[in-house]
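*Asks:* Structure provided below as structure tokens; questions to follow.
The values are calculated or read from the model by the stated rules, or taken from the named source; none is laboratory data. What you see is a predicted model; the values in this text were computed from it and never measured. Neighbour counts run over all protein chains shown; Cβ positions are idealised from the backbone, glycine included. Just the protein is used for accessible areas: all its heavy atoms, side chains included, with ligands, DNA and RNA removed. Shrake-Rupley method; radii C 1.70, N 1.55, O 1.52, S 1.80 Å.
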Amino acid sequence: MIIKERKKSNFFLSMNALLRRLPLSHPKRGLIERDLTKRKAGIRGEEAVDYFLKDLPEFIIIKDIRLSNGNGDFYQIDMLLLCPNFLLILEIKNISGTIYFDPAFNQLIQSKQENERGFLDPLIQAKRQQKELAKWLADRKIRTPIEYLVVISNPSTIIKTSSYHKLALEKVLHASHLKERIDRLKEKYPEEKLTDREIRKLSRAITNKHIPANYNVLKYFDIDINEINTGIQCPACSRFSMKRVRGTWKCSSCHTADKEAHIRTLHDYLLLISSSITNQQFREFTHLSSSNIAKKLLTALKLPYTGSYKDRTYELSADFFENHHFTGRK
């Protein structure tokens, strides 16, 4: 049973919004595109592993959880499986080519098309997650075995390591072997440590403690707000050339009409700039000249607000845009 599905993070959505509004000639565009490509590969890898977990009725599955360690730092778990006998952390990697787990320097080396690239050893990442989760549980007087595995989601990836690297030989596997390895863990831990009720309670507690990452994408990439394109972007031709004409937004380039284009623009504003907006800020960002039209558009959305008529500030939230189905934009 899955109690927390995987969602695209706000930072992932913010990167997409930034690329939508960053000039094609911007010097950092390539850097952002490469970063986003890596994140998309990670999401695809996690989704590929889902297939091999679909027939595990005895497990509660929590995807993409981020918890505080109580000292100002956070740790993120790609997937956590809970059953009465043990908990299982899955650290999922979508890396192609040939990968080598180097025990001498605790690193992962990827070889692809005669190029080599080094990564932080995911075994170290998973072991840290195990340690942090064990402490989190101990603080709540919960004691149960915690195992971890490093799952390589790409079936074509060649996995290599030294014959004496016992940890890698024990913990690293392709996703297709996941069910077999879980069966072995069931044999290793035949005794139930928690009741079904306690497992359900624990899963809810973990989910409730999830803290989504909330990075400011402009600060992260050191981009000034004045470097991004403002205005209403046309959903058809992607130009920032939509104008308010007779109760709708119309593109002056391709003549596409869209009554809700300002809602997508507000979503970009939330992702890139702020969770609150005034009438003036809305007009500046949308290139709308009329204060009255801006007020009608914002009021019609029934957004929460503070302040009086003249200095009203409207609150923007992810939930609002989820209800309008704008969070899935590429």
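*Asks:* Averaging over all projection directions, find the projected area of the Cα convex hull of the chain and quote it in nm² with one decimal place.
*Replies:* Details: hull surface 85.1 nm².
Directional mean of the projected Cα hull area for the chain stands at 21.3 nm².
*Asks:* Keeping the other protein chains in place, figure out the carbon and sulfur percent of the accessible area of the chain, with a 1.4 Å probe.
*Replies:* Within the chain, the accessible surface is 49 percent carbon and sulfur.
*Asks:* Can you give the FRET efficiency for Lys28 and Arg143, using 1/(1 + (r/R0)^6), R0 = 56 Å, r = Cβ-Cβ distance, to the nearest 0.05?
*Replies:* E(calc), rounded to 0.05, equals 0.70.
*Asks:* Step through the residues of region 269-286 one at a time and calculate ³J(HN,Hα) from phi using the Karplus curve (6.51 cos²θ - 1.76 cosθ + 1.60, θ = phi - 60°), rounding each to whole Hz and writing x for Gly and Pro.
*Replies:* Running phi through 6.51 cos²θ - 1.76 cosθ + 1.60 with θ = phi - 60° gives 4, 4, 5, 9, 10, 7, 8, 9, 8, 9, 4, 5, 5, 5, 5, 5, 6, 9 Hz.
*Asks:* Please report, in Å, the Rg and the Dmax of region 199-267, where both are computed over Cα atoms only.
*Replies:* 19.5, 58
*Asks:* By a straight-distance test (C-alpha under 17 Å), which aspartates and glutamates pair with Lys40 as possible cross-link partners, with residues fewer than eight away in the same chain excluded?
*Replies:* Partners within reach: Glu5, Asp50, Asp64, Asp78, Glu91.
*Asks:* What do you get for the angle between helix 196-208 and the principal long axis of the chain? Use alpha-carbon atoms, 0 to 90 degrees, nearest ten.
*Replies:* Value to nearest ten degrees: 40.
*Asks:* If you don't mind, another one. Tell me, for the chain, which Cys residues have no other cysteine's C-beta sitting closer than 4.7 Å.
*Replies:* Flagged as lacking a Cys partner: Cys83.
*Asks:* Give the residue from Leu81, Pro57, Gly118 lying farthest towards the positive end of the charge dipole for region 1-120; charges sit on Cβ (+1 for Lys and Arg, -1 for Asp and Glu) and the dipole is referred to the Cα centre.
*Replies:* The listed residue farthest towards the positive side: Gly118.
*Asks:* Based on the alpha carbon coordinates of region 228-330, what radius of gyration and maximum Cα-Cα distance (Dmax) apply, in Å?
*Replies:* So, for region 228-330, Rg and Dmax equal 13.1, 39 Å respectively.
*Asks:* If you average the alpha carbon positions of region 24-67 and of region 101-116, how far apart do those two centres end up, in angstrom?
*Replies:* Region 24-67 and region 101-116 have Cα centres spaced 22 Å from each other.
*Asks:* Helix 10-21 versus the longest principal axis of the chain: what angle, 0 to 90°, nearest 10, using Cα atoms?
*Replies:* Approximately 40 degrees, to the nearest 10.
*Asks:* Rounded to the nearest 20 debye, what is the charge dipole size of the chain about its Cα centre when +1 sits on each Lys and Arg Cβ and -1 on each Asp and Glu Cβ?
*Replies:* It comes to approximately 980 debye.
*Asks:* Which of Ser241, Tyr220, Ser252 sits closest to the plus end of the dipole of region 210-285, meaning its Cα is farthest towards the positive end, when Lys and Arg get +1 and Asp and Glu get -1 on the C-beta?
*Replies:* Ser252
*Asks:* Which value at 222 nm does the chain reach when only helices count, each DSSP H run of 4 or more adding -39,500 (n - 2.57), with the total divided by all residues and rounded to the nearest 500 deg cm²/dmol?
*Replies:* -11000 deg cm²/dmol
*Asks:* Run the reach check for Lys160 against lysines, Cα to Cα strictly under 23 Å, same-chain hits fewer than 8 apart removed. What comes back?
*Replies:* Lys38, Lys93, Lys112, Lys127, Lys171, Lys179
*Asks:* Next up: Can you compute 3J(HN,Hα) from phi for each residue in region 116-126, using the Karplus curve 6.51 cos²θ - 1.76 cosθ + 1.60 with θ = phi - 60°, rounded to whole Hz and x for Gly and Pro?
*Replies:* Listing the rounded values in order: 10, 9, x, 10, 4, 4, x, 5, 5, 4, 5 Hz.
*Asks:* Give me the 1.4 Å probe accessible area per residue for the chain, excluding ligands and nucleic acids, in Å².
*Replies:* Result: 55 Å² per residue.
*Asks:* For Lys186, give me every one of the aspartates and glutamates with a C-alpha distance below 14 angstrom, ignoring sequence neighbours fewer than eight places off in its own chain.
*Replies:* Of all the aspartates and glutamates, those that pass the test against Lys186 - Cα under 14 Å, at least 8 places apart if same chain - are Glu58, Glu147.
*Asks:* How much net charge surrounds Gln125 when only the other residues with a Cβ under 10 Å from the Cβ of Gln125 are counted, with Lys and Arg +1 and Asp and Glu -1?
*Replies:* 0
*Asks:* Compute the distance from the alpha-carbon center of region 251-295 to that of region 166-244, in whole Å.
*Replies:* So the two Cα centres are separated by 30 Å.
*Asks:* Among 206-219, 255-268, 94-107, how do they line up from the highest to the lowest mean number of other beta-carbon atoms within 10 Å?
*Replies:* Details: 206-219: 13.1, 255-268: 18.1, 94-107: 15.9.
Result, highest mean first: 255-268, 94-107, 206-219.
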